[in-house]
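The values are calculated or read from the model by the stated rules, or taken from the named source; none is laboratory data. Note that the coordinates shown come from a computational prediction; the quantities given were computed from them, not determined experimentally. Here Cβ is always computed from backbone atoms with ideal geometry, including for glycine, and neighbour counts include all displayed protein chains.
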Amino acid sequence: MAKLPPVKRIIKEDFLEVPWIGKLLQPLSDFMENVYFALNAKLTHKDNILSDIRTLDVTGGVFPMSFTVNLGAGSKPGHLVVTKVTENTDNPAVITGAVFAHWDFQNNKVRIRNISGLTPGVRYNVTVIVYPE
């Protein structure tokens, strides 16, 4: 990916021959500076992408389980991605298989019907991200 240019602001002194430019440059420079900083490793998933991130306490084989999501007015879940799974013990075992959530949306709640790849009876912390349709 190309590096961002070093120019973050345009100043009025660069356009002395244009008297009205000051009113345009201030909001334009503020916008450019915000975009520059956002694109320079300051974007976060939580603050910039419509989604709901949840860490669930799950016992393998004990399903279904339901939870409400906050995606804004009128938004329904369209995607659920498992992003992190850790065994909830002092000495967690390595999870060697793929972990996938089978889910649906009923009565304004996400219902996880099963999470494949978990050992039955073992407790896990499962982090999921729910995106709107």
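Observations on the model:
- Unique residue being in contact with a strand residue (DSSP E or B) (Cβ under 9 Å, 6 or more places away or on another chain) and part of a loop (DSSP other than H, G, I, E, B) when the list is LEU80, LEU50, LEU43: LEU50
- Failed criterion for ASN70 (all others in (1) at pLDDT below 95; (2) more than 16 Å from ASN125 (Cα to Cα); (3) surrounded by 12 or more Cβ atoms within 10 Å (Cβ to Cβ) hold): (3)
- Applying the criterion of being in a loop (DSSP other than H, G, I, E, B) and not hydrophobic (A, V, I, L, M, F, W, C) to the residues of the range 4-40, the residue that is nearest to THR86 (Cα to Cα) is ASN40.
Rundown of residues vs (1) at pLDDT 95 or above; (2) within 16 Å of THR59 (Cβ to Cβ), yes/no style:
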| position | (1), (2) |
| --- | --- |
| GLY97 | no, no |
| ALA101 | yes, yes |
| GLN106 | no, no |
| ILE112 | yes, yes |
| PRO120 | no, yes |
| ILE129 | yes, no |
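- Residue under evaluation SER75, criteria (1) at pLDDT 85 or above; (2) out of contact with any Pro (no Cβ under 6 Å at 6 or more places or on another chain); (3) in a loop (DSSP other than H, G, I, E, B), criterion not met: (2)
- Residues of the range 22-47 classified as farther than 15 Å from LYS12 by Cα and among the small types (Gly, Ala, Ser), total: 2
- Considering residues of the range 42-67 that are under 20 Å from ASN125 (Cα atoms), aliphatic (A, V, I, L, M) and over 10 Å from the mean Cα position of the chain (by Cα) only, the residue surrounded by the fewest Cβ atoms within 10 Å (Cβ to Cβ): VAL62
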